[in-house]
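> Below is the structure I would like to discuss, written out as structure tokens.
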Amino acid sequence: MNKTTKYMLISLIANSFLSIFKITFGFLSNTKSLIADGIHSFSDLTTDIIAILGSHISKKPADNEHRRGHGKIEYVTSLIISVFIVLLGKSMLKNAFDISNTTPSIYLSIVVLVIIITKYLVSSLLIKKGEETNDMILISSGKESYTDVYSSLLVLIVIILSQFSSKFRFLKYVDMIGTVLISILIIIMGIKLLIQNLSLLIGEAELSSDTLNKVRSIINDRSEKFILSDCTMFKLGSYYEVNLKILVDGKTTVKDGHNLMDDIEHDLLNSNMNIKYVNIHIEPLEELEQVKKCK
């Protein structure tokens, strides 16, 4: 079991528990917003299953038809999750105007608070591990799970403010207003994720100077033999493809040039930067040492 599947299973179990928990207490307390929140959590189960399947496929090795592996499946999976977020927000917005004015028990706020803390911890774990491993499936799932935190927070605010609806008549609309606002936020988050993953799917270069500098530092020990002319990194799911253009002395033999390429490739593939493919283009340069002195 890979790490992505491991953490997505944790999310799957948590969402199963929270969904049942919310819907059960929603019916017992006749709180429709909590029932809707439970349905929201139930939708997370679907995205968790999609994410697990996507992670499994993305880890398949390269074959004749997919020479660069299946890493970009992560972006397709994340796109599907993004669409789910937008549709979920749209559904919540549509149902926002059909919420009961029943005043829930204040003790229900304790239950909702436990739900918020649990979901926040799970969401934070997914995003943290996703950023550590450059895994877009975990990051997208974590951000999608944060929408559940927001909707549960909305329920908590509704429960608290509803206690004063008998004194302030306008508070009877607090459930509706809060749901509309959170639905809009969810839709905006989903659209942002959709745009981000479309860009990655088309083919996006790594622009982080820190990441590019790490590549340069890895091959720096061998830099007395060449000048690094260009360094480009492309994202392929959770791993990278690195394209280098180096200038070597015009007197360098084919064998020496080949050995140099092998050494650089070995250093990069054995780094901790999730680099899986390395392409190196060599160009001859007369009087390499003089050029280096000038630089």
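The values are calculated or read from the model by the stated rules, or taken from the named source; none is laboratory data. All of these numbers come straight from a predicted model, not from anything done at the bench. In this analysis, Cβ positions are derived from the backbone assuming ideal geometry, glycine residues included, and neighbour counts consider all displayed protein chains. Just the protein is used for accessible areas: all its heavy atoms, side chains included, with ligands, DNA and RNA removed. Shrake-Rupley method; radii C 1.70, N 1.55, O 1.52, S 1.80 Å.
> To make sure I understand the rule: partners must be aspartates and glutamates, Cα under 20 Å from the Cα of Lys192, and not fewer than 8 residues away in the same chain. Which ones qualify?
Of all the aspartates and glutamates, those that pass the test against Lys192 - Cα under 20 Å, at least 8 places apart if same chain - are Asp44, Asp48, Glu74, Glu131, Asp135, Glu144, Asp148, Glu204, Glu206.
> Using just the C-alpha positions of the stretch 106-245 as equal point scatterers, what log10 of I(q)/I(0) does the Debye formula give at each q in 0.14, 0.16, 0.20 1/Å?
With no solvent term, the Cα-only Debye profile gives -0.80, -0.92, -1.16.
> Top to bottom by accessible area (1.4 Å), largest first, where do Glu131, Glu65, Glu224, Glu241 land?
So the residues, ranked largest to smallest area, are Glu65, Glu131, Glu224, Glu241.
> Once R0 is set to 51 Å, what does the formula 1/(1 + (r/R0)^6) return for the Cβ-Cβ distance between Asn270 and Ile13, expressed as a FRET efficiency to the nearest 0.05?
Numbers: r = 36 Å, r/R0 = 0.70.
Here the calculated transfer efficiency is 0.90.
> Shifting gears a bit: What does the charge dipole of the chain about its Cα centre add up to, to the nearest 20 debye, if the Cβ of each Lys and Arg holds +1 and the Cβ of each Asp and Glu holds -1?
On the way: 31 positive and 30 negative charges, 244 e Å.
Dipole size: approximately 1180 debye.
> Still on this structure, please answer the following. Where in the chain is the longest stretch that carries no chymotrypsin sites (Phe, Trp or Tyr not before Pro) classed as loop by DSSP and with at most 13 other Cβ atoms within 10 Å? Kindly include the intermediate steps, with their values, before the conclusion.
Details: sites that count: Phe97, Tyr107, Phe164, Phe168.
Longest gap between qualifying sites, sites excluded: 169-295.
> Still on this model: Compute the FRET efficiency between Leu212 and Asp262 as 1/(1 + (r/R0)^6), taking r as their Cβ-Cβ distance and R0 = 22 Å, and round to the nearest 0.05. Write out the running numbers ahead of the final one.
Values: r = 22 Å, r/R0 = 1.00.
Result of the calculation: an efficiency of 0.50.
> I'd like the antiparallel share, as a percent to the nearest 5, of DSSP beta bridges with both residues in the chain. Can you show the working numbers first?
Numbers: 10 of 20 bridges.
If I count the DSSP bridges inside the chain, around 50 percent turn out antiparallel.
> Let me ask something else. Taking R0 as 22 Å, what FRET efficiency do you get between Lys192 and Lys94 from their Cβ-Cβ distance, rounded to the nearest 0.05?
Values: r = 21 Å, r/R0 = 0.95.
The computed FRET efficiency comes out at 0.55.
> Based solely on its DSSP helices, what 222 nm [θ] is calculated for the chain when runs of n ≥ 4 H residues each add -39,500 (n - 2.57) and the sum is averaged over all residues, nearest 500 deg cm²/dmol? If you can, show how the numbers build up before the last one.
Details: 9 runs with 193 residues, N = 295.
So the calculated ellipticity at 222 nm is -22500 deg cm²/dmol.
> For the chain, which whole-number percentage of the solvent-accessible area (1.4 Å probe, protein heavy atoms only) is attributable to carbon and sulfur atoms?
Details: 10020 of 15880 Å².
That fraction is 63 percent.
> So what's the net charge close to Lys6: Lys and Arg +1, Asp and Glu -1, counting the other residues with Cβ under 12 Å from its Cβ? If you can, show how the numbers build up before the last one.
Numbers: positive: Lys3, Lys129; negative: Asp135.
Net of charged neighbours comes to +1.
> Any idea how far apart Ser199 and Val254 come out in nm if each label point goes 7 Å out from Cα toward Cβ?
Reported label-point gap for Ser199 and Val254 is 4.3 nm.
> Can you tell me the relative contact order of the chain? Whole percent, Cα pairs under 8 Å, sequence separation 6 or more.
On the way: 434 pairs, mean separation 51.1, N = 295.
Averaging sequence separation for qualifying contacts and normalising by length gives 17 percent for the chain.
> Additional query: Taking every pair of Cα atoms in the chain, average 1/r, invert it to obtain the Kirkwood radius, and report Rg/Rh to two decimals.
On the way: Rg = 25.8 Å, Rh = 22.0 Å.
Rounded to two decimals, Rg over Rh is 1.17.
> Next question. How would you classify the stretch 73-184 from its alpha-carbon gyration tensor, with a ≥ b ≥ c the square roots of the eigenvalues: rounded for a/c under 1.5, else prolate if a/b is greater than b/c, otherwise oblate?
Details: a/c = 4.14, a/b = 1.88, b/c = 2.20.
Oblate, since a/c reaches 1.5 and b/c is not below a/b.
> Give the percent of DSSP beta bridges with both residues in the stretch 137-246 that are antiparallel, rounded to the nearest 5. Could the numbers behind the result be given before it?
On the way: 9 of 9 bridges.
Percentage antiparallel, nearest 5: 100.
> Also: Have a look at Ser19, Ser140, Ser223 and tell me which one the Gaussian network model of the chain (Cα, springs below 10 Å) gives the largest fluctuation.
Looking only at Ser19, Ser140, Ser223, the biggest GNM fluctuation is shown by Ser223.
> Then there is this: Using a 1.4 Å probe, what is the accessible area per residue for the stretch 120-208, in Å²? Kindly include the intermediate steps, with their values, before the conclusion.
Numbers: 4400 Å² over 89 residues.
In whole numbers, the stretch 120-208 has 49 Å² accessible per residue.
> If you build the Cα gyration tensor of the stretch 201-286 and take the root of 5 times each eigenvalue, what three semi-axes come out, in whole angstrom, biggest first? Can you show the working numbers first?
Values: eigenvalues 111, 31, 28 Å².
Largest first, the stretch 201-286 gives 24, 13, 12 Å.
> Same structure, new question: So, counting K/R as plus one and D/E as minus one, what does the shell of residues with Cβ under 11 Å around Ala205 add up to?
Numbers: positive: Lys235; negative: Glu204, Glu206, Glu241.
Once positives and negatives cancel, what remains is -2.
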